Amino acid sequence: MSATMTTEPRQFPVSMRVLHWLMAAMVLTMLGIGVAMVASLSYYHRLISIHRPLGILILIFVVIRFVNRRFSTMPPFPATMSSQERFIAHASEMLLYALLFVQPLVGWGMLSAARYPIVLFGGLHLFPILPHSVMLYAALRKTHTALAYLLFAVFIAHFSAVLFHTVVLRDRLLSRMALGDGVGSKEY
Amino acid sequence: MPSDETPPAGNQPAPLSVFSTLARLAGVGVIILLVIAGFLYLGGWFNPHELTPARFVNGFQKVFGIHSGFRRNHAKGICVRGFFESNGNGTRLSKAVVFGVGRVPVIGRFSLGGGNPYASDDPEAIRGFGLLFRLRDGEQWRMAMINRPVFPFHTPRDFYDNLIASKPDPKTHKPDPKKMVAFMASHPEFAQAVKIFQSRPVSSGFDNSTFNGLNAFRFTNAAGVTTPVRWSMVPVDAFKPEGTAQSANLDKNYLFDDFITRIHNAPVQWRLILTVGQSGDRTDDATIPWPADREQVDAGRLTLDAVEAEAPGNCRDVNFDPLVLPVGIAPSDDPLLSARSAIYSKSFTRRAGEKKEPSAITPADVRK
């Protein structure tokens, strides 16, 4: 006979945790490449050659992640979080999903509007998704930069909040997303 | 933490002292600041003197001013269309589909060096030729060539320093000769390149100019063998020297107008000549010519049969980025290549969003 206890899970499901850390690495790399490539003459070409396929990979992953999230049971917020904090945490999570979905599309769209070939690897190209228009390109190019700064700001807010909970409040918020079971982890 | 503190009950950690709370808060703050600083460092914020694409383009704007909607360099130009017929000889060096026997459509742009889109044609001005091959499945080959056999600058910094040194003096309207002499003295490769330029007669027009890709590229064939290659477009029209009378021509667009007359008369053709480098030939320095006896492969014939004024959607709105390459052609270790790609892109982004003014060569000028 199985125990029919309906206690909520202590952690996010493994799939969500793995996707979270994979994407954290990809998005941080992407932000670093983005800010470096626009300022570099020598590394511009090498960096943009990674930037394009990595952006498309993030687009694919964010869709998988969003669908996966819909079918997952999530652990509760720690008791240390007020309803206001919970609302902000949830809203910023949704904003991150939205940015990670829109930003690659803006990148793809702006290259389409400029009629650059959108090369992923070797001969693998993406089709253009917008008509040839340099005015449209210029607007999307500006949007791409603005969204990148916004994404960075939301990442910093998310990172700060988790650090604060983990180091100051010590409410084991992070253990919900830990790759291990989070039980044996030392209390800081 | 003091060791005699009572262990936390359940999930509640022991409360922290005020000092400990502050220290931990400070630690969090430091970590956040370090992450932000790391990103600022990557973005070049701590290196205000390092040359970036934006600073390079600002250099052109300082010297030539801002001409809304125009390229920051090679601002004056016209659009052309035609096709390239490959004879198959290039497949020995590169598996790029463009070298298989057959015909591919091209669009191109002839231009004069400098950031003033309304400058008078000058026989000594650098003639530019941007070209875009439309290959199958959306693949492209873009190139930007000039009518000089070598490039006078080894690094982007050399180019930039020369650009700034050549800024006309507000009084004389000419570059300060002292600055030019100083640049020449500190850059022997530049002096050498100028000597090569001066030793060659200038041709009479775009149609009989040889255009050179200058930078070396790595060609890889179907067997996986990689060879360093430089290429040129060699005119089918016979060489005619620039006439002395021509230089005093009253038509300030005479180079473009002559080309328009020429192409209306009959299509204009070039041969794509691939020069095969050998081990030891410099691929990272476009100022150094390769030995004259290097093997040359005639890869096919370029035919231009239509000309247009710059207009929305045509060559005006194309960035002839030399690093848009088909599979089978890759960049060499020449530091100019990535820099050209970055700077062209920056110039393109700036002009793309600006109000477009009519070009010097208007639709009325290109009519038969």
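Nothing in this text is a laboratory measurement; each read-out follows from the coordinates by a stated rule. The structure presented is a predicted model; accordingly, all values stated were derived computationally and were not measured. All Cβ positions, even for glycine, are placed from backbone atoms using ideal geometry, and neighbour counts span all protein chains on display.
Report the local net charge at residue B:85: Lys and Arg +1, Asp and Glu -1, summed over other residues whose C-beta lies under 13 Å from its C-beta. Spelling it out: positives minus negatives among the neighbours equals +1.
Derived scalar couplings between HN and Hα for segment B:334-348 equal 5, x, 5, 5, 4, 5, 4, 4, 5, 6, 4, 5, 5, 4, 4 Hz in order, rounded to whole Hz, by the Karplus curve 6.51 cos²θ - 1.76 cosθ + 1.60 (θ = phi - 60°), x for Gly and Pro.
Placing unit charges on the Cβ atoms of the charged side chains and taking the dipole of the protein assembly as shown about its Cα centre, the candidate lying farthest along the positive direction among A:180, B:16, A:133 is A:133. A straight Cα-to-Cα reach below 26 Å connects residue B:167 with the lysines B:62, B:76, B:178, B:179, B:195, B:252, B:346, B:355, B:356, residues fewer than 8 places away in its own chain not being considered. Sites listed here are GluC sites (Glu not before Pro) in segment B:249-348 whose DSSP assignment is loop and whose Cβ has at most 13 other Cβ atoms within 10 Å: B:295. Averaging over all projection directions, the Cα-based convex hull of the protein assembly as shown occupies 35.6 nm² in the image plane.
If r is the Cβ-Cβ distance from residue B:85 to residue A:28 and R0 is 51 Å, what FRET efficiency results, to the nearest 0.05? Walk me through the intermediate numbers first.
Details: r = 49 Å, r/R0 = 0.96.
For R0 = 51 Å, the calculated efficiency reads 0.55.
Label zone of residue B:284 (point 7 Å out along Cα→Cβ, amide N under 20 Å): in segment B:129-169 this covers B:151-160. Listing B:40, A:173 from fewest to most neighbouring C-beta atoms within 10 Å gives B:40, A:173.
Within a Cβ distance under 10 Å of residue B:353, other residues only, what is the Lys/Arg minus Asp/Glu net charge? Summing Lys and Arg as +1 and Asp and Glu as -1 gives +4. One Cα centroid belongs to segment B:126-173, the other to segment A:59-117; the line between them spans 42 Å.
For chain B, with only Lys/Arg (+1) and Asp/Glu (-1) charged at the beta-carbon, what is the dipole magnitude about the Cα centre, in debye rounded to 20?
Working: 42 positive and 36 negative charges, 118 e Å.
So the dipole magnitude of chain B works out to roughly 560 debye.
So if the hydrodynamic radius of segment B:65-366 is defined as the Kirkwood radius over C-alpha pairs, what does Stokes-Einstein give as its diffusion coefficient at 25 °C and 0.890 mPa s, in µm² per second?
Here the translational diffusion coefficient equals 123 µm²/s.
Take the Cα of residue B:301, step 7 Å toward its Cβ, do the same at residue B:167, and the gap between the two points is 4.9 nm.
Counting only DSSP H runs of at least 4 residues, each contributing -39500 (n - 2.57), and dividing by the residue count of chain A, the helix-based mean residue ellipticity at 222 nm comes to -21500 deg cm²/dmol.
Residue B:236 sits among other residues whose Cβ lies under 15 Å from its own Cβ, and their net charge, with Lys and Arg +1 and Asp and Glu -1, is -1. Put in line by how crowded their Cβ is, counting other Cβ atoms within 10 Å and starting with the fewest, B:231, B:290 read B:290, B:231.
Projecting the Cα atoms of B:143, B:362, B:227 onto the charge dipole of chain B (Cβ charges, centred on the Cα centre) puts B:362 farthest toward the positive pole. Of all aspartates and glutamates in the structure, those lying under 20 Å Cα to Cα from residue B:240, and not within fewer than 8 positions of it along the same chain, are B:121, B:122, B:124, B:207, B:251, B:257, B:258.
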